[in-house]
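I have placed the structure first, in the form of structure tokens, so that the comments after it can refer back to it.
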Amino acid sequence: MTPLTITSRDAGTGPVLEIAGDLDYVTASELRTILDDLTLAAGQLLVLDLAGLDFCDSSGITVLLAARNLAIEQGGTIALAAIPASTARILRVMGLDRVFTIHSDTSAATARDAAC
């Protein structure tokens, strides 16, 4: 089991959360706590950078959906960036690749043209 680490930074388009390690039943509450404290201005983009994600189970998927709901409730949008192949497959199987905006990396997600 790889410990979960979440690093927050600001981009011109809004907050970026870099998520690394295992996002699962044991650790999903850590991301949920950070999301509960996150405030988006209307029109901002929340980017979840998953480049360092080693594992994601159904609890992890649930908290990704919670992040999406939070962004929408606050008048913002969300994008997932650098999704590992195993997680991308899960999202495809569940049809969530049509729910989330997906980018190859954070730079692509936060590019002004992509955020509009």
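Residue check: MET1 meets all listed conditions (1) of a type outside the set (Phe, Trp, Tyr); (2) modelled with pLDDT of 95 or more; (3) loosely packed, with under 13 Cβ neighbours inside 10 Å but one, namely (2).
The residue pairs whose first member lies in the stretch 14-28 and is assigned to a strand (DSSP E or B), whose second member is surrounded by fewer than 18 Cβ atoms within 10 Å (Cβ to Cβ) and of a type in the set (Phe, Trp, Tyr), and whose beta carbons are closer than 6 Å, counting only pairs six or more residues apart or on different chains, are ASP22/PHE55. For the stretch 56-85, how many residues meet the condition of being in contact with a Gly (Cβ under 7 Å, 6 or more places away or on another chain) and surrounded by fewer than 18 Cβ atoms within 10 Å (Cβ to Cβ)? Final tally of qualifying residues: 1.
Rundown of residues vs (1) more than 14 Å from the chain's Cα centre (by Cα); (2) at pLDDT below 95; (3) more than 27 Å from MET1 (Cβ to Cβ); (4) polar (S, T, N, Q), yes/no style:
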site	(1), (2), (3), (4)
GLY60	no, no, no, no
LEU65	no, no, no, no
GLN74	yes, no, yes, yes
LEU91	no, no, no, no
PHE100	no, no, no, no
SER104	no, no, yes, yes
ARG112	yes, yes, yes, no
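The values are calculated or read from the model by the stated rules, or taken from the named source; none is laboratory data. Quantities reported herein were computed from a predicted structural model and do not represent experimental measurements. Here the Cβ is made from the backbone with ideal geometry for all residues, glycine too, and neighbour counts use every protein chain on show.
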